1. Please go through segment 146-170 and give me each residue that is in a loop (DSSP other than H, G, I, E, B) and hydrophobic (A, V, I, L, M, F, W, C), ordered by number.
2. Among the residues of segment 254-268, write down those that are more than 15 Å from residue 71 (Cα to Cα) and not in a loop (DSSP other than H, G, I, E, B).
3. Can you tell me how many residues in segment 221-243 are assigned to a helix (DSSP H, G or I) and surrounded by fewer than 24 Cβ atoms within 10 Å (Cβ to Cβ)?
4. Please indicate, with yes or no, whether at least one residue in segment 175-185 is buried (at least 16 other Cβ atoms within 10 Å of the Cβ) and of a type in the set (Ser, Thr, Tyr).
5. Return a yes/no flag: does segment 195-208 have any residue that is more than 21 Å from residue 290 (Cβ to Cβ), outside any strand (DSSP E or B), modelled with pLDDT of 95 or more and out of contact with any Gly (no Cβ under 7 Å at 6 or more places or on another chain).
6. Of everything in segment 183-194, what is out of contact with any Asp or Glu (no Cβ under 7 Å at 6 or more places or on another chain), modelled with pLDDT of 90 or more and at negative phi? Give them in sequence order.
7. Identify all residues within segment 272-297 that are assigned to a loop (DSSP other than H, G, I, E, B) and at positive phi; write none if there are none.
Amino acid sequence: MITYRHHIVSLVAVFLALAVGIVLGGGPLSELGRASDTPTATAKEKTQDARRAATFGDEFATATGTTLYDGRLADHPVAVLALPGADEELEAALEGQVEAAGGTVTGRYDVQDALVDPDEKSLVDTLGSQLMTQLGAGVVDAEASTYTRMGQLLGVALATTQPTAEPASKKATSIRQSLVGADLMTSPRGEADVAPLVLVVMGSGSGAVEDQAVLSGLLSGLAAKAAGVVVVADSQAGVDGNLAALREEPVADEVTTVDGVESPLGQVTATLALLRALAGDGGSFGASGADGAVPLG
C-alpha cells in the first residue's frame, strides 16, 4: 500500500532531480526513508518520520521553486477561477508562486453556488442561450450542452488561446457583466486582460462542487478557449474526492490536474504544471497523480 510518506519521499526525490540533475536510483536518495520501514518500527515512529519527510519536502520546494521556474511565466499571465469552497489563503499562496515564476495574475474570478448547482440549471441554460445569441455566431458552440457552453463563455470572459495576455474584448466584458449581474460569478474591478493560462482552484468540504457533469462541462468548455487550464485541489480530493472523480472523466485529457496543493510542495508542483500546460501538455500530478509527482517537462 502506498502511504502518504512514500508520496512525500517521491516528490522530494523528483525535486532533487530537477534541481541538481542527478540520476535517481543510486546514492543517498536510494536510502531515503528506508530506516523506519522495518517491522519493528512503531506507529508513532512512522508518523514522526512522515512528518519529518513532509517538512523537508515543503522546505526544499520553497527554497528551490524560483530556481526551477526560471522566470518562465514572464509574459504569460494567469487568471484564477475559484470554485465554491475554495480556500482564500490557498489561492493567495498559489498566486505568490505565479509571481515567483515571473508571471502575473490578471484577476480572480469566483464562481458562485448557483452556477454549479444542478437545481439552477434552468437559469444557467437560459442565460447561456441569451449570451450566445447576443454574441453572434462562432463565439461558442451552438450545439454544446448547458455547462459546456457556460464553460466556453467563461473562457471567452477571462482567457485566450494565445500565449500572451490580450485586452478584454467587448464580448468578454459583456459576459462578465452578465454573469455578475445574475449572481453566477464575481469579477475583478476594471477591464482585466484575458490570460492564456487559467488556474482553477477546487473547493473542499461541504461547499465543494461534487456534480461531475457540471464540473466536466465547465472545464471542457473552458479548456476550449484557453491556451492551458490547470485544475488544483487538496490531497483528500485527489484520493477519494471530486478531483479523483474528475480524473476518471474524458475532460481529464483536456486539462492538467494537481492534488496536494495545501502544502508548499504541492503549490510548486501546480506552478510547474502551469508551465507544462503553456506548452500544450496535460497530465495528472501530485501525491495521487497518475503521471507522476511533479511535471518533469
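The values are calculated or read from the model by the stated rules, or taken from the named source; none is laboratory data. Everything numeric here is computed off the predicted structure, so don't read it as measured data. We place every Cβ from the backbone using ideal geometry, glycine too, and count neighbours over all the protein chains shown.
1. Listed by number, the residues that qualify are 165, 168.
2. Once the filter is applied, which keeps residues that are more than 15 Å from residue 71 (Cα to Cα) and not in a loop (DSSP other than H, G, I, E, B), segment 254-268 yields 256, 257, 258, 259, 264, 265, 266, 267.
3. Here the count works out to 5.
4. yes
5. No, segment 195-208 contains no residue that is more than 21 Å from residue 290 (Cβ to Cβ), outside any strand (DSSP E or B), modelled with pLDDT of 95 or more and out of contact with any Gly (no Cβ under 7 Å at 6 or more places or on another chain).
6. Once the filter is applied, which keeps residues that are out of contact with any Asp or Glu (no Cβ under 7 Å at 6 or more places or on another chain), modelled with pLDDT of 90 or more and at negative phi, segment 183-194 yields 184, 187, 188, 192.
7. 280, 292, listed by residue number.
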